1. Suppose we keep only residues that are in contact with a helix residue (DSSP H, G or I) (Cβ under 7 Å, 6 or more places away or on another chain) and not in a helix (DSSP H, G or I) within region 123-143. Which one would you say is modelled with the highest pLDDT?
2. Need pairs with beta-carbon distance below 6 Å; first residue without any contact (Cβ under 8 Å) to a residue 60 or more places away in the chain and under 23 Å from D135 (Cβ atoms) and within region 150-176, second buried (at least 18 other Cβ atoms within 10 Å of the Cβ) and acidic (D, E); sequence gap 6+ or separate chains.
3. Of the conditions (1) at pLDDT 80 or above; (2) of a type in the set (K, R); (3) exposed (fewer than 14 other Cβ atoms within 10 Å of the Cβ), K86 clears all except one; give me its number.
4. Can you find a residue in region 64-78 that is more than 17 Å from H97 (Cβ to Cβ), at pLDDT below 80 and surrounded by 14 or more Cβ atoms within 10 Å (Cβ to Cβ)?
5. One residue is enough: does region 147-156 have a residue meeting the conditions surrounded by 13 or more Cβ atoms within 10 Å (Cβ to Cβ), at pLDDT 80 or above, not in a helix (DSSP H, G or I) and not basic (K, R)?
6. Looking at T53 and the list (1) among the β-branched types (V, I, T); (2) out of contact with any Pro (no Cβ under 8 Å at 6 or more places or on another chain); (3) modelled with pLDDT under 90, which single condition is not satisfied?
7. Could you list, in sequence order, the residues of region 25-83 that are among the hydrophobic types (A, V, I, L, M, F, W, C) and part of a loop (DSSP other than H, G, I, E, B)?
8. Determine if region 166-182 includes at least one residue that is more than 13 Å from V80 (Cβ to Cβ) and of a type in the set (D, E).
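The values are calculated or read from the model by the stated rules, or taken from the named source; none is laboratory data. Every value quoted in this text rests on a predicted model; they were computed, and no experiment measured them. A quick note on method: Cβ atoms are made from the backbone with ideal geometry, for glycine too, and the neighbour counts reach across all protein chains shown.
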Amino acid sequence: MGAVVSAPSSTDRRVLRTRLALRKALLSAIAEQGWEAVSVRDLCARAGVGRSTFYTHFADKEELLLSGLDDLQVELQRAVAQNGGKPLAFVQLMTEHVQAHGRDEMLRLRALLGKPSGQVVLTRLTEMLVEVLDDEVAALAVASPQRDAAVRYLAGALVELFSWWSKGRSGLSPAELGDLYRRLAMSTLPELKRREK
(Lines give C-alpha, C1' and ligand atoms only; values in the text may rest on other atoms or scores of the structure.)
Protein backbone atom coordinates (compact mmCIF):
# COMPACT_ATOMS: atom_id res chain seq x y z
CA MET A 1 0.00 0.00 0.00
CA GLY A 2 1.26 3.49 -0.82
CA ALA A 3 1.94 6.30 1.58
CA VAL A 4 -1.08 7.33 3.58
CA VAL A 5 -2.55 10.58 2.39
CA SER A 6 -4.32 12.73 4.89
CA ALA A 7 -7.75 12.91 3.27
CA PRO A 8 -9.74 16.09 3.69
CA SER A 9 -11.70 15.88 6.92
CA SER A 10 -14.39 18.14 5.56
CA THR A 11 -17.92 16.86 5.44
CA ASP A 12 -18.53 19.27 2.56
CA ARG A 13 -20.99 17.67 0.15
CA ARG A 14 -18.62 18.12 -2.78
CA VAL A 15 -15.89 16.21 -0.97
CA LEU A 16 -18.28 13.41 -0.05
CA ARG A 17 -19.67 13.30 -3.60
CA THR A 18 -16.16 13.08 -5.08
CA ARG A 19 -15.14 10.26 -2.76
CA LEU A 20 -18.36 8.35 -3.45
CA ALA A 21 -17.99 8.81 -7.22
CA LEU A 22 -14.44 7.44 -7.06
CA ARG A 23 -15.56 4.43 -4.99
CA LYS A 24 -18.35 3.63 -7.46
CA ALA A 25 -15.96 4.05 -10.40
CA LEU A 26 -13.53 1.65 -8.73
CA LEU A 27 -16.13 -1.06 -8.15
CA SER A 28 -17.36 -0.77 -11.75
CA ALA A 29 -13.84 -0.86 -13.17
CA ILE A 30 -12.85 -3.88 -11.10
CA ALA A 31 -15.96 -5.79 -12.17
CA GLU A 32 -15.22 -5.04 -15.84
CA GLN A 33 -11.42 -5.19 -16.00
CA GLY A 34 -10.09 -6.84 -12.87
CA TRP A 35 -8.04 -5.16 -10.15
CA GLU A 36 -4.69 -5.27 -11.88
CA ALA A 37 -5.93 -3.54 -15.06
CA VAL A 38 -7.55 -0.60 -13.25
CA SER A 39 -5.56 2.62 -13.42
CA VAL A 40 -5.99 5.88 -11.53
CA ARG A 41 -6.38 7.60 -14.91
CA ASP A 42 -9.33 5.31 -15.75
CA LEU A 43 -10.92 5.88 -12.34
CA CYS A 44 -10.67 9.65 -12.73
CA ALA A 45 -12.26 9.49 -16.20
CA ARG A 46 -15.12 7.32 -14.93
CA ALA A 47 -15.74 9.54 -11.90
CA GLY A 48 -15.31 12.81 -13.82
CA VAL A 49 -12.53 14.13 -11.58
CA GLY A 50 -8.95 15.22 -12.22
CA ARG A 51 -5.91 13.21 -11.14
CA SER A 52 -4.86 15.94 -8.71
CA THR A 53 -8.29 15.66 -7.08
CA PHE A 54 -7.83 11.88 -6.78
CA TYR A 55 -4.45 12.32 -5.07
CA THR A 56 -5.89 14.95 -2.73
CA HIS A 57 -8.12 12.20 -1.33
CA PHE A 58 -6.19 8.97 -1.82
CA ALA A 59 -2.59 7.81 -2.19
CA ASP A 60 -3.47 4.99 -4.60
CA LYS A 61 -6.28 2.71 -5.73
CA GLU A 62 -5.83 0.36 -2.75
CA GLU A 63 -6.38 3.19 -0.30
CA LEU A 64 -9.51 4.13 -2.26
CA LEU A 65 -10.69 0.51 -2.08
CA LEU A 66 -10.30 0.41 1.70
CA SER A 67 -11.55 3.94 2.43
CA GLY A 68 -15.20 2.94 2.44
CA LEU A 69 -14.49 0.41 5.17
CA ASP A 70 -12.59 3.01 7.19
CA ASP A 71 -15.58 5.37 7.04
CA LEU A 72 -17.94 2.54 7.96
CA GLN A 73 -15.76 1.59 10.94
CA VAL A 74 -16.02 5.12 12.35
CA GLU A 75 -19.82 4.95 12.03
CA LEU A 76 -19.99 1.52 13.67
CA GLN A 77 -17.72 2.50 16.57
CA ARG A 78 -19.88 5.56 17.14
CA ALA A 79 -22.94 3.26 17.21
CA VAL A 80 -21.20 1.00 19.75
CA ALA A 81 -20.45 4.00 21.98
CA GLN A 82 -24.07 5.16 21.80
CA ASN A 83 -25.81 1.78 21.86
CA GLY A 84 -27.79 2.44 25.03
CA GLY A 85 -26.91 -0.94 26.51
CA LYS A 86 -28.16 -3.05 23.59
CA PRO A 87 -25.35 -5.46 22.74
CA LEU A 88 -24.30 -5.74 19.10
CA ALA A 89 -26.71 -3.00 17.98
CA PHE A 90 -24.16 -1.89 15.36
CA VAL A 91 -25.06 -4.91 13.20
CA GLN A 92 -28.35 -3.36 12.11
CA LEU A 93 -26.53 -0.15 11.11
CA MET A 94 -24.11 -2.24 9.07
CA THR A 95 -26.90 -4.13 7.29
CA GLU A 96 -28.64 -0.84 6.51
CA HIS A 97 -25.36 0.52 5.11
CA VAL A 98 -24.91 -2.53 2.90
CA GLN A 99 -28.53 -2.40 1.73
CA ALA A 100 -28.28 1.33 0.94
CA HIS A 101 -25.56 0.64 -1.61
CA GLY A 102 -28.04 -1.19 -3.79
CA ARG A 103 -28.14 -4.50 -5.59
CA ASP A 104 -25.75 -3.49 -8.39
CA GLU A 105 -23.05 -2.40 -5.95
CA MET A 106 -23.46 -5.63 -3.98
CA LEU A 107 -23.11 -7.67 -7.18
CA ARG A 108 -19.90 -5.82 -8.04
CA LEU A 109 -18.55 -6.34 -4.54
CA ARG A 110 -19.32 -10.07 -4.66
CA ALA A 111 -17.54 -10.29 -8.03
CA LEU A 112 -14.56 -8.54 -6.44
CA LEU A 113 -14.41 -10.96 -3.50
CA GLY A 114 -13.64 -13.82 -5.86
CA LYS A 115 -10.49 -12.06 -7.12
CA PRO A 116 -7.08 -11.35 -5.52
CA SER A 117 -8.13 -7.79 -4.69
CA GLY A 118 -11.15 -9.24 -2.93
CA GLN A 119 -8.86 -10.84 -0.38
CA VAL A 120 -7.59 -7.37 0.55
CA VAL A 121 -11.18 -6.22 1.11
CA LEU A 122 -12.17 -9.37 3.00
CA THR A 123 -9.13 -9.14 5.28
CA ARG A 124 -9.77 -5.45 6.00
CA LEU A 125 -13.50 -6.06 6.57
CA THR A 126 -12.74 -8.85 9.04
CA GLU A 127 -10.15 -6.73 10.87
CA MET A 128 -12.60 -3.81 11.03
CA LEU A 129 -15.24 -6.07 12.57
CA VAL A 130 -12.69 -7.48 15.03
CA GLU A 131 -11.93 -3.93 16.23
CA VAL A 132 -15.61 -2.99 16.52
CA LEU A 133 -16.54 -6.25 18.26
CA ASP A 134 -13.59 -5.96 20.61
CA ASP A 135 -14.99 -2.60 21.76
CA GLU A 136 -18.32 -4.33 22.45
CA VAL A 137 -16.88 -7.39 24.19
CA ALA A 138 -14.43 -5.37 26.32
CA ALA A 139 -17.31 -4.50 28.66
CA LEU A 140 -18.12 -8.18 29.12
CA ALA A 141 -14.73 -9.80 29.67
CA VAL A 142 -11.15 -8.95 30.51
CA ALA A 143 -8.48 -9.25 27.82
CA SER A 144 -7.49 -12.88 27.34
CA PRO A 145 -6.83 -15.40 24.57
CA GLN A 146 -10.42 -16.61 25.04
CA ARG A 147 -11.80 -13.11 24.46
CA ASP A 148 -9.59 -12.66 21.38
CA ALA A 149 -10.77 -16.00 20.01
CA ALA A 150 -14.43 -15.16 20.66
CA VAL A 151 -14.10 -11.77 18.95
CA ARG A 152 -12.50 -13.36 15.86
CA TYR A 153 -15.15 -16.08 15.85
CA LEU A 154 -17.94 -13.49 15.96
CA ALA A 155 -16.29 -11.36 13.24
CA GLY A 156 -15.88 -14.34 10.90
CA ALA A 157 -19.47 -15.42 11.52
CA LEU A 158 -20.71 -11.92 10.70
CA VAL A 159 -18.72 -11.75 7.45
CA GLU A 160 -20.17 -15.11 6.38
CA LEU A 161 -23.69 -14.09 7.40
CA PHE A 162 -23.38 -10.88 5.35
CA SER A 163 -22.14 -12.82 2.36
CA TRP A 164 -25.17 -15.10 2.57
CA TRP A 165 -27.60 -12.20 3.16
CA SER A 166 -26.20 -10.04 0.34
CA LYS A 167 -27.26 -12.65 -2.22
CA GLY A 168 -30.80 -11.46 -1.53
CA ARG A 169 -32.39 -14.87 -1.15
CA SER A 170 -33.02 -14.83 2.59
CA GLY A 171 -35.83 -12.28 2.55
CA LEU A 172 -34.55 -10.86 5.85
CA SER A 173 -34.64 -7.11 6.45
CA PRO A 174 -31.58 -5.36 7.95
CA ALA A 175 -33.33 -5.33 11.34
CA GLU A 176 -34.15 -9.05 11.10
CA LEU A 177 -30.59 -9.93 10.11
CA GLY A 178 -29.21 -7.82 12.96
CA ASP A 179 -31.56 -9.52 15.40
CA LEU A 180 -30.64 -12.99 14.11
CA TYR A 181 -26.91 -12.28 14.44
CA ARG A 182 -27.37 -10.88 17.96
CA ARG A 183 -29.29 -13.98 19.05
CA LEU A 184 -26.64 -16.30 17.59
CA ALA A 185 -23.74 -14.25 19.00
CA MET A 186 -25.24 -13.91 22.46
CA SER A 187 -24.82 -17.67 22.93
CA THR A 188 -21.03 -17.11 22.68
CA LEU A 189 -20.77 -14.18 25.08
CA PRO A 190 -21.83 -15.98 28.30
CA GLU A 191 -18.89 -18.34 27.77
CA LEU A 192 -16.56 -15.36 28.17
CA LYS A 193 -18.16 -14.38 31.47
CA ARG A 194 -17.74 -17.95 32.79
CA ARG A 195 -14.06 -17.98 31.82
CA GLU A 196 -13.45 -14.71 33.59
CA LYS A 197 -14.51 -16.06 37.00
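1. The extreme case among them is V142.
2. Between residues of region 150-176 that are without any contact (Cβ under 8 Å) to a residue 60 or more places away in the chain and under 23 Å from D135 (Cβ atoms) and residues that are buried (at least 18 other Cβ atoms within 10 Å of the Cβ) and acidic (D, E), the close pairs are V151/D134.
3. Among (1) at pLDDT 80 or above; (2) of a type in the set (K, R); (3) exposed (fewer than 14 other Cβ atoms within 10 Å of the Cβ), K86 violates only (1).
4. So in region 64-78, the residues more than 17 Å from H97 (Cβ to Cβ) come out as 64.
In the following step, the residues that additionally are at pLDDT below 80 were identified as none.
Looking through region 64-78, none of the residues is more than 17 Å from H97 (Cβ to Cβ), at pLDDT below 80 and surrounded by 14 or more Cβ atoms within 10 Å (Cβ to Cβ).
5. no
6. (3)
7. Start the filter on region 25-83 by keeping residues that are among the hydrophobic types (A, V, I, L, M, F, W, C), which leaves 25-27, 29-31, 35, 37-38, 40, 43-45, 47, 49, 54, 58-59, 64-66, 69, 72, 74, 76, 79-81.
Residues satisfying the conditions are V38, V49, F58, A59.
8. Within region 166-182, one or more residues are more than 13 Å from V80 (Cβ to Cβ) and of a type in the set (D, E).
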